[in-house]
Amino acid sequence: MRHREQWQPVLDAEIKRWSAKPCQQLIADLPEVQSYEVEFERKKYQVEVEILENTEKYIQVVVAVDDGTLPASFFHNFSAARDCASTLDCMAKLGSEWKRSEDDGAIEVGGVGPRLKAPTDVLDCGNSGSTIRMLSGILAGQPFTSELCGDESLSRRPMARIMTPLSEMGARIEAAEGGRPPLKIHGGPLKPIHYRPEVASAQVKSCVLFAGLFAEGETVVEEPIRTRDHGEIALRAFGAEVERVGNASRIVGGQRLRAIEAHVPGDLSSAAFFLCAAALFPGSQITLPGILMNPTRARLLDILVQMGLKVSVAHLEEHQGELVGTIEARGAAWKGSVLAGADTAALIDEIPVLAAVAPYSDGGLEVRDAKELRVKESDRIAAVAANLRKMGAEVEERPDGLRIPGGQHLHGAELDSFGDHRIAMAFAVAALRAEGETTIHGADAAGVSYPTFFEELRRATSY
């Protein structure tokens, strides 16, 4: 197919860049995490990282509009994360039936064609910003009205960035004050647009491209900085042609999608917590099998290498257009770094954990151009700064980032997750090298994206 020919050189280049000589299986040296309380105790450990919940949500949304000519799509290694459950619940209300295998946890999802069933109830997206944004793109092209809501955190997140392009395409959208959820989307016929967002966002891009499936003509999203391309890859996997030239992605409306069977890879954003934990302890070793190595995500590994972590990638394979491999890493001297511009955009989800462990590095961390972090599940800039200060760290909080000096010694403290899964997990990692006990209130927020995170850390003590 044409899209495979276009992307094979990229995949080949990544395979060459990350290929490593076969080596013995490495095991990690990570401490124990006692539920909400963290104490240090070295244990041998290999991590089976939770699967990629963001990629899953792209798959879930796209599969609902496959043409239904095949019985269903099948997805192995599917997450039990709360965000993914919210997406499945929304799709069921739109007529896409699904069931989970009792044997291996795989799910079977039936497509209903390009026209979904009008929901009889509000579509609750829970805590998932990606769900509400991507689903809005598809609902904008449906011949009915639907309403989407979310939890308290999601209800504070701005949606104007998707409302603007979808309105230009012909949808009518009502929102709460400030352009926030709940959203009421009056769908209908859409026209194609060439959209140039001021702020780079993979979720906004995917929303517009999904809406482009229902437009008459070619829809283009041209980003100021290239962002993650899981939406484009998911569309290609289901049979759509999506062209990318530079920072512009193009899709022609009216394409029909087909059912697929796929194995969902491990999440590099989830792997980041364990990689940073290994980096805190020189000589520690860790193996992370089956991790997504998408070129738009793997910048994290480049940055970690620059900061001193010894990284190699083996067993690279292509799965449904995505690159998957095993990451092997060894802790070494932990250096500082500066994140700005394209690096900030590429690492927007990983910045909380990088910042949380920055005081232990030799040179610290400076984060710029990260204003987007102010409007995530929490104000992540403020949350990181507040928790680090409670642990005794010096932190400079800026409107669009942070400056965190290195060479600091932290102590245990009572911390807050701020209801944010990434903050909860980031400070579980930061607490591993702190002196004394740390308690993280609201740590169950990790279940939004990584339900087994604390279980994985506890399991380290069994080796």
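From the list Ala211, Ala234, which residue is small (Gly, Ala, Ser), closer than 13 Å to Met169 by Cβ and not in a loop (DSSP other than H, G, I, E, B)?
None of the others qualify; the one that does is Ala211.
List pairs: first in segment 312-330 and outside the structural domain of Ile233 (by TED's automatic domain parsing) and farther than 20 Å from Phe273 by Cα, second modelled with pLDDT under 90 and of a type in the set (Asp, Glu), Cβ under 6 Å, 6+ apart or cross-chain?
Qualifying pairs under 6 Å: Leu323/Glu14.
I'd like to verify a number: residues in segment 127-160 that are in contact with a Pro (Cβ under 8 Å, 6 or more places away or on another chain) and charged (D, E, K, R), how many?
Count: 2.
A quick yes/no check of all residues on (1) under 22 Å from Gly331 (Cα atoms); (2) in a loop (DSSP other than H, G, I, E, B):
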site	(1), (2)
Ala345	no, no
Ala383	no, no
Arg403	no, no
Gly407	yes, yes
Gly419	no, yes
Val429	yes, no
Arg458	yes, no
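Of the residues Arg256, Arg180, Arg157, which single one is assigned by TED's automatic domain parsing to the domain that holds Gly111, in contact (Cβ under 8 Å) with a residue 24 or more places away in the chain and closer than 30 Å to Ala298 by Cα?
Details: Arg256 fails: closer than 30 Å to Ala298 by Cα; Arg180 fails: closer than 30 Å to Ala298 by Cα.
Going through Arg256, Arg180, Arg157 in turn, just one is assigned by TED's automatic domain parsing to the domain that holds Gly111, in contact (Cβ under 8 Å) with a residue 24 or more places away in the chain and closer than 30 Å to Ala298 by Cα: Arg157.
With respect to Asp416, determine if the residue is within 30 Å of Ser155 (Cβ to Cβ) and surrounded by 18 or more Cβ atoms within 10 Å (Cβ to Cβ).
Considered against the rule, which asks whether it is within 30 Å of Ser155 (Cβ to Cβ) and surrounded by 18 or more Cβ atoms within 10 Å (Cβ to Cβ), Asp416 comes out as yes.
Would you be able to tell me the number of residues in segment 367-386 that are β-branched (Val, Ile, Thr) and out of contact with any Pro (no Cβ under 7 Å at 6 or more places or on another chain)? Outline the logic, then answer.
First pass over segment 367-386, keeping only residues β-branched (Val, Ile, Thr): 367, 375, 381, 384.
Those still in the list that are out of contact with any Pro (no Cβ under 7 Å at 6 or more places or on another chain) too: 367, 381.
Residues flagged as β-branched (Val, Ile, Thr) and out of contact with any Pro (no Cβ under 7 Å at 6 or more places or on another chain) within segment 367-386 amount to 2.
Would you mind stating whether Ser206 is surrounded by fewer than 18 Cβ atoms within 10 Å (Cβ to Cβ), assigned by TED's automatic domain parsing to the domain that holds Val242, in a helix (DSSP H, G or I) and not β-branched (Val, Ile, Thr)?
no
Could you say whether any residue in segment 230-238 is more than 18 Å from Gln255 (Cα to Cα) and surrounded by fewer than 16 Cβ atoms within 10 Å (Cβ to Cβ)?
Keep residues of segment 230-238 that are more than 18 Å from Gln255 (Cα to Cα), which gives 230.
Adding the requirement that they be surrounded by fewer than 16 Cβ atoms within 10 Å (Cβ to Cβ) leaves none.
No, segment 230-238 has no match at all.
Could you go through segment 156-170 and let me know if any residue there is closer than 19 Å to Lys93 by Cα and at pLDDT 95 or above. Talk me through it step by step, then tell me what you get.
Within segment 156-170, the first condition is being closer than 19 Å to Lys93 by Cα, and the residues that meet it are none.
No, there is no match, as no residue in segment 156-170 is closer than 19 Å to Lys93 by Cα and at pLDDT 95 or above.
Tell me, please, whether a residue that is under 30 Å from Thr131 (Cβ atoms) and touching a His at 6+ places or on another chain (Cβ under 8 Å) can be found in segment 365-380.
Here is the first cut: in segment 365-380, the ones under 30 Å from Thr131 (Cβ atoms) are 367-380.
Among the residues that remain, those that are also touching a His at 6+ places or on another chain (Cβ under 8 Å) are: 377.
Taking every residue of segment 365-380 in turn, at least one turns out to be under 30 Å from Thr131 (Cβ atoms) and touching a His at 6+ places or on another chain (Cβ under 8 Å).
The values are calculated or read from the model by the stated rules, or taken from the named source; none is laboratory data. For clarity, every value in this text was computed on a predicted model and none was experimentally measured. Quick reminder, even Gly has a Cβ in these numbers, built from the backbone with ideal geometry, and neighbours come from all protein chains shown.
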